[in-house]
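First the structure, in the form of C-alpha cells, and then the observations on it.
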Amino acid sequence: MAIKKSELYSSLWRSCDELRGGMDASQYKDYVLVLLFVKYVSDKYAGVKDALIDIPKGGSFADMVALKSDKEIGDGINKIIAKLAGANELKGVIDVADFNDPDKLGRGKEMVERLTNLVTIFQSENLNFSKNRADGDDILGDAYEYLMRHFATESGKSKGQFYTPSEVSRVLAKVIGVHKAKRQDQTIYDPTCGSGSLLLKAADESGRGVTIYGQEMDNATAALAIMNMWLHDCPTAEIKKDNTLSNPLFKNEEGNLKTFDFAIANPPFSTKAWSNGFDPENDLYERFKGYGIPPAKNGDYAFLLHIIRSLKNKGKGAVILPHGVLFRGNAEAEIRKNIIRKGFVKGIIGLPANLFYGTGIPACIIVIDKENAESRRGIFMIDANKGFVKDGNKNRLREQDIYKIVDVFNRQLEIPKYSRMVTTKEIEEENEFNLNIPRYIDSQEEEDIHDIEAHLLGDIPNKDIDDLGDYWEVYPALRRKLFAKSDRPKYRKLKIEKQEVKNAIFRHPEFVSYSEEIEGVLAAWQKKHIPILKKIVVGDKPKEIILKISESILKSFSDKKLIDKYDVYQHLMTYWMDVMKDDVYMIVEDGWKVETYLVTDKNGKVKKGQWDCDLVPKIFVINRYFANEQAAIEQMEMGRDDIARKKEEMEEEHSGEEGLLEEVKNNKGNISKGNVQRRVKEIKNDPYSADELKVLQAYLGIIEDEAKANKEIKEFLKQLDEKVFNKYKELTENEIKRLVVDDKWMVAVKQDVKFEMDRISQRLTQRIKELAERYETPLPKLTAKVEELTSKVDSHLEKMGFAW
C-alpha cells in the first residue's frame, strides 16, 4: 500500500525528534542527515557497477542494520561511515558527527536503544531510494527539504541560518531567468551557500541545465551542502570550504575571480567581521574598485559587490539583503550610487518580515543584471511585504505570493500599491539615490475618512460609493437599484432597508449573470482538465501535472474582474498541498488502485470496526452509489432526534422540587432506565402515585423507543458499511477515476471558487451596510432624540418630586 508522502515525512520528523536526547536540532540534524545520506547512496549504488559512489564492504546502510542492539553500535556506525568516506573522498563531509558520543546520545543501554531506533526509522520499506527521481519527483529531495525546514525552525535564531526557505529560493531562481539555461556549460554560483538549498532550487528551476558552484565558510554546514548535492542527484556540484570574502576559492587561470552566468546568495545579514583575513583597501580581486569600501562593521555591500564582480558580462544575480542596504548613508550611500549609475540593478523586491530563520527583520531581493546595463534607465520595484501567511512563529510566502512576485517582475507589470518602474532620474534627482521602497510605492491602505456633512445631514457620500468602482464595472444596474439621488448633489440615498441589502445584491440579475459567467469559466477549465487528469499513469511526474493545471487556471481567470486570479490559484495550490498531491503520488506509484486500511488512534491502536481509504474515502463511494441508503439513515436519525427532543421536554417539564421525575435521578442529576423501572415497581399498586406512574411509564416508553431507533440505525449503518466495503472490491478503474477526479478533486475546486465569489459579494454587502449605518442617524435627529428623552426624564422626576 502506497503511503502518503506527507505522512511519511511527518512521521520521519516525529520519530527523529523523539530520539533527540541531549542535543538541540542544530546538532541533531548532523546525525539524521548523515544517516539519510548513507541510506540513499546504499540504496542507489550498492552493487552497481561503475557507480558514481563506491559502497565498500562494511561501509553500507545494511552494515548499520546488522549492528542494531549491539552494545558497540556507536563505534560500529563510526567505522562504517569512515569506510564509506575513505572510499569516496568524503572525509570531513559525512564523518563530522560522532555516533559514539555519550554526552549527546546517552550512555550504555540508552545509546544502544537510541541508535537502534534511529537506524530502524531509516530501515522503513517506505524509505526506498533505489529509484530516486524515477518518477521525476524527488522523494528524497522532498524528505530532505522537510527535515531541513524543521531543523531550522527548531535550531533557534542564531543557528538556523544554514537554510533559506524554499519559497524565497524559488523566487530568486525565477527572477534571474535561470529557467532559460539549458546547457551544462552554463554556471550558477552561491558564495555563501549554507546547506545548498538555495543553489538546488535554482538548479531545479533550470531543469538541471547548469553547473553548480558554491562556497561556505562553516565546515559542518559545507558538509551538509555536499551531502545535499548528492541527495538531490547533483554529484558534480563543486562545494568548497572557506571564507568567500577573504579567500574566494573559485578562480580562473589568471588567478582572478571566476565569473558565472548566474549567482544567488543569502549572506549573513550585516556581519561585523566581514573583513577578517584580508585588507579591503588592497583587495586582490578589485571587488570594491570604482564603488567604495563597505563600512568596517557591516558587510552587506561586501557580499553584493563580490557577486557583481563574480558575474559575467551578461550575468544575472539575486541577493537577499536587509532593507537597510536600500537607504543607509555614508559609505553605503556612495556604493549604492555607483552601482545604480552603472545600471546593474534591474529590480528590488521588498519581502515580508520574519521569513528567515536567522532573523526577524524584513529583507529585500536585489536583482542584478549586467546585460544591457549601460542602457538601463530605471529600476523595477515590488513591495510584497503584505503577501504571506503565518506558519508557527515564522511567516511564509504562499504559492500565490510567489507566483505574483515572479509574474509581475518578469512581465514588468505596474500594479497600484504593489509595483512600478522607477526611473533612474527620479531616484537620482528626487531621492538622492535612496532606494527605500515606500518612497516610490505607497502600499498603505487608504484611510476610511468619515464625511462630516453626511453625519450632520444624512445620506451616503458619492465618494464612498465611487470607491466601490470595481463592483460597479460589473454591476452597473445594481448601483442604480441600490442608490437614489439625494437633495444634495454629492450624496446618494439608500433605496432599500439596510437589512435587505444582501438579498438585493444576491438576487440581482447582474449578480446572477456574473456568478454564472464565473461558473462557466470554471466549468470550461474542468472540461479541459478532467480527461487529462484521468490519463495520469504510473511514472508520470506530479510536479509537471500541478504546474500545467495551475498555470491553466490562472490563465482562465486572468481577464475576469472582481475575482483575483491569484486567489483562485492559491485555492488550487492549497488543495494540492493538503490532499491532491498525496493522491497523485499514490497514483503515479501504484496506479488507479483503492486500498482500504484500519483506522487507528494516536497511539496506533486499531479503532474497532473503523476503516477507510486514502485515495477514495468512504464518503465519496456512499454519495455516488449508496445515496438512497444514506438518505434513509438520515431520515431514521431525524426520527431518533425527535424522540430525544420529546425526552428532553419531558425531563424539563417534570424536573424541580415537585417534579415527578426527581425520584429517579442519581447523584449527578441523570436519569437511567434502571432507576425508572425500579420506581415503577415500587409505586405500581399505589393508588396515590397514579400520576407519577403515568409519567414514568410514558418516559420509559420514550427510552425504549430511543433505544429501538438507535439499534435500527446501528444495524442499517453496519449493513451500509458492508455494502460500501464490498463495493471497493468491485470498482473498475474508470469508476475510481470518476470518484477521484470528478467527485473528489473537481468538487473541492468548485467549492473553493464559490467561496471566493461569496467572499467578494459579502465584502460589497458589508461595506454598503456599514455606510448606511454610519450615516443613517444625522446629528439633528440625534439631538432631537436626546431632547425627547431628556424631556421624558424631567417629567418623571417632576412627578417624583424632584423639580429642577
Rounded to one decimal in nm, the spacing of the 7 Å Cα→Cβ label points at E629 and D487 is 7.1 nm
Counting only heavy atoms of protein chains, what accessible area per residue, in Å², does segment 662-777 have with a probe of 1.4 Å? 61 Å²
Portion, in percent, of the accessible area of the chain that falls on carbon or sulfur, probe 1.4 Å: 48 percent
Taking Cα atoms, how many degrees apart are the long axis of helix 73-87 and the longest axis of the chain, rounded to 10 and kept between 0 and 90? 50 degrees
Solvent accessible area, Å² - W13, 1.4 Å probe, full protein context: 20 Å²
Compute the length gained on full extension between K425 and D470: take 0.36 nm times their separation in residues and subtract their Cα-Cα distance, giving the result in nm to one decimal. 12.9 nm
Helix 673-683 sits at what angle to the longest principal axis of the chain, using alpha carbons and giving 0 to 90 degrees rounded to 10? 20 degrees
Reachable lysines, given that their alpha-carbon falls under 24 Å from the alpha-carbon of K560 and they are not under 8 places away in the same chain: K386, K404, K417, K481, K502, K527, K528, K548, K750, K754
Counting only protein chains, not ligands or nucleic acids, how are Y40, Y597 ordered by accessible area (probe 1.4 Å), most first? Y597, Y40
Taking the chain as the reference, fit the longest principal axis to its C-alpha atoms, fit the long axis of helix 300-309 to the helix C-alpha atoms, and give the angle between the two in degrees, 0 to 90, nearest 10. 60 degrees
Go ahead and run the numbers for FRET between D391 and E517, Cβ-Cβ distance against an R0 of 56 Å, rounding to 0.05. 0.95
What spacing in nm lies between the two simple spin-label points modelled at E682 and D218, each 7 Å away from Cα in the Cβ direction? 7.5 nm
Between K608 and L547, how high is the FRET efficiency from 1/(1 + (r/R0)^6) when r is the Cβ-Cβ distance and R₀ = 35 Å? Nearest 0.05. 0.20
Could you give the length gained on full extension between R341 and E662, defined as 0.36 nm per residue of separation minus the Cα-Cα distance, in nm? 106.5 nm
Simple spin-label estimate for E773/D448, 7 Å along Cα→Cβ, in nm, reads 1.0 nm
Where GluC sites (Glu not before Pro) fall in DSSP loop in segment 454-507, at most 12 other Cβ within 10 Å: E497
Just to confirm a number: summing +1 for Lys and Arg and -1 for Asp and Glu over residues other than L311 whose beta-carbon lies under 11 angstrom from that of L311, what do you get? +3
Computed FRET efficiency, Cβ-Cβ of V65 and D578, R0 30 Å: what is it to the nearest 0.05? 0.30
For segment 390-460, which GluC sites (Glu not before Pro) are in a loop by DSSP, counting at most 14 other Cβ atoms within 10 Å? E414, E432, E445, E446, E447
Cα gyration tensor shape of segment 263-352, rounded if a/c is under 1.5, else prolate or oblate by comparing a/b with b/c: rounded
Based on alpha-carbon centroids, what's the gap between segment 445-473 and segment 351-413 in Å, whole number please? 34 Å
What label, among [x] 32.5; [y] 29.1; [z] 31.0, belongs to Kirkwood radius over Cα pairs in Å computed from the structure on display? [x]
Check the straight Cα-Cα distances from K180 and name the aspartates and glutamates below 13 Å, setting aside those fewer than 8 residues away within the same chain. D204, E205, D261
Contour minus Cα-Cα span, S655 to D794, at 0.36 nm per residue, comes to 45.3 nm
Could you tally the net charge around Y403, taking each other residue with its Cβ under 10 Å from the Cβ of Y403, Lys/Arg +1 and Asp/Glu -1? +1
So what's the net charge close to N78: Lys and Arg +1, Asp and Glu -1, counting the other residues with Cβ under 11 Å from its Cβ? -3
Write out the trypsin sites (Lys or Arg not before Pro) in segment 573-670 meeting two conditions: DSSP loop, and at most 11 other Cβ atoms within 10 Å of their Cβ. K602, K605, K668
How would segment 695-804 be classified by its alpha-carbon gyration tensor: rounded, prolate or oblate, with rounded meaning a/c under 1.5 and the a/b versus b/c comparison settling the rest? oblate
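The values are calculated or read from the model by the stated rules, or taken from the named source; none is laboratory data. Predicted model only: the values in this text are computed from it and were never measured. Because the Cβ atoms are built from the backbone with ideal geometry, glycine has one as well, and the counts that use them run over all protein chains shown. Just so you know, the surface numbers come from the protein's heavy atoms only, side chains and all, with ligands and any DNA or RNA stripped out. Shrake-Rupley method; radii C 1.70, N 1.55, O 1.52, S 1.80 Å.
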